[in-house]
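Notes follow once the structure below has been shown.
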Amino acid sequence: MKNRGTILAVILVLGLGIIFFSISMDRDGKDRPKAVVGLNAPELSLKDASGSVLNPDELKGSVVFVNFWASWCQPCRDEMPSIQGLYDHFKGNNKFRVITVLYKDGYQSAARYLKENNLDLPVFIDGDGKSAKAYGISGVPETYIIDKKGVLFKKFKGPAEWNSPKIVSALTSMINE
């Protein structure tokens with residue numbers, strides 16, 4: 001009987017330790033993604049191919065379409081033509097921005113893929129992984145729509161048909177608000 005009490009005490013102490021550890025990890029916010037629909041979108045920390053840093057002020061007042069992708073990802077490849085269609089539809093409208101972000105992929109591979117498929121999307125590099133971490137990226141493709149006030153409007157996991165009439169209409173309404 002003595003051993004049974006000791007075993008139960010050890011299990012109780014271990015259980016409390018795990019609970020305490022979980023609570024302390026949650027409080028510091030390090031493990032929680034900050035991209036929450038209805039809240040301000042995390043700032044993007046990105047560079048273009050020439051090394052120029054994306055200026056967050058350039059995005060203010062625009063609806064922003066952010067797509068995390070990789071050239072090795074087949075679902076990403078499947079949705080790229082529809083992103084190009086969306087990009088082409090709103091080209092020249094300074095109230096709409098498309099930002100494609102490489103995730104665990106090299107720029108040369110992505111550029112080669114885009115060129116081979118006649119795609120001219122703006123590609124940004126998340127060299128230090130800060131943006132992917134801030135958005136809580138768990139895989140690709142993942143897409144985020146940010147409204148003109150900088151609030152995360154919607155997030156999508158997986159591919160979509162981005163140039164569908166329904167999506168184009170919804171984005172047009174957001175742009176015209």
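For residues in segment 86-119 being assigned to a helix (DSSP H, G or I) and within 21 Å of E161 (Cβ to Cβ), which is most open to solvent (accessible area, probe 1.4 Å)? Break it down into steps so the answer makes sense when it comes.
First pass over segment 86-119, keeping only residues assigned to a helix (DSSP H, G or I): 86-90, 107-116.
Next, from what is left, pick out any that are within 21 Å of E161 (Cβ to Cβ): 86-90, 113-114.
Values: L86: 0, Y87: 55, D88: 78, H89: 110, F90: 17, Y113: 14, L114: 13 Å².
That would be H89.
For segment 111-132, which residues satisfy the criterion of being under 16 Å from K47 (Cα atoms) and either touching a Cys at 6+ places or on another chain (Cβ under 8 Å) or not small (G, A, S) (or both)?
L121, P122, V123, F124, I125, D126, D128, K130
Looking only at segment 39-82, which residues are in contact with a Gly (Cβ under 8 Å, 6 or more places away or on another chain), assigned to a loop (DSSP other than H, G, I, E, B) and open to solvent by 30 Å² or more (accessible area, probe 1.4 Å)?
Result: K60, single match.
Restricting the search to segment 37-46, which residues are modelled with pLDDT under 95 and either among the small types (G, A, S) or farther than 21 Å from F153 by Cβ (or both)?
Residue satisfying the conditions is S45 alone.
Checking F90 against (1) under 14 Å from the mean Cα position of the chain (by Cα); (2) of a type in the set (F, W, Y); (3) closer than 22 Å to N55 by Cα, which test does it fail?
Result: F90 passes all but (1).
Which residues, counting only those in segment 55-81, are closer than 23 Å to Y113 by Cβ, of a type in the set (A, V, I, L, M) and more than 15 Å from the chain's Cα centre (by Cα)?
The answer is M80, and nothing else.
Would you call L152 touching a residue at least 60 places away in the same chain (Cβ under 8 Å) and farther than 28 Å from S169 by Cα? Explain how you work it out, then say what you get.
Numbers: touching a residue at least 60 places away in the same chain (Cβ under 8 Å): yes; farther than 28 Å from S169 by Cα: no.
Considered against the rule, which asks whether it is touching a residue at least 60 places away in the same chain (Cβ under 8 Å) and farther than 28 Å from S169 by Cα, L152 comes out as no.
Please identify the pairs in which a residue from segment 51-80 that is under 14 Å from F156 (Cα atoms) has its Cβ atom under 6 Å from the Cβ atom of a residue that is open to solvent by less than 10 Å² (accessible area, probe 1.4 Å) and of a type in the set (D, E, K, R), counting only partners at least 6 apart or on another chain.
F68/E142
Residue-wise test of (1) at pLDDT 95 or above; (2) open to solvent by 60 Å² or more (accessible area, probe 1.4 Å); (3) farther than 24 Å from P56 by Cβ.
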| site | (1), (2), (3) |
| --- | --- |
| Q84 | yes, no, yes |
| L121 | yes, no, no |
| I125 | yes, no, no |
| A132 | yes, no, no |
| Y135 | yes, no, no |
| F153 | yes, yes, no |
| F156 | yes, yes, no |
| S169 | yes, yes, yes |
| M174 | yes, no, no |
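Could you count how many residues in segment 154-167 are farther than 18 Å from Y87 by Cβ and of a type outside the set (D, E, K, R)?
1
Among the residues of segment 145-177, how many are assigned to a loop (DSSP other than H, G, I, E, B) and of a type in the set (S, T, Y)?
1
Does at least one position in segment 128-144 carry a residue that is in contact (Cβ under 8 Å) with a residue 60 or more places away in the chain, more than 15 Å from the chain's Cα centre (by Cα) and in a loop (DSSP other than H, G, I, E, B)?
Within segment 128-144, not a single residue is in contact (Cβ under 8 Å) with a residue 60 or more places away in the chain, more than 15 Å from the chain's Cα centre (by Cα) and in a loop (DSSP other than H, G, I, E, B).
Identify, by number, the condition in (1) modelled with pLDDT of 55 or more; (2) open to solvent by 100 Å² or more (accessible area, probe 1.4 Å); (3) not in a helix (DSSP H, G or I) that R32 doesn't meet.
(1)
The values are calculated or read from the model by the stated rules, or taken from the named source; none is laboratory data. What you see is a predicted model, and the numbers here were worked out from it, not measured in a lab. Every residue, glycine as well, gets a Cβ built from its backbone with ideal geometry; the counts of neighbours run over all protein chains shown. The protein model used for the area step is the full one, side chains on, heavy atoms only, and it has no ligands, DNA or RNA in it. Shrake-Rupley method; radii C 1.70, N 1.55, O 1.52, S 1.80 Å.
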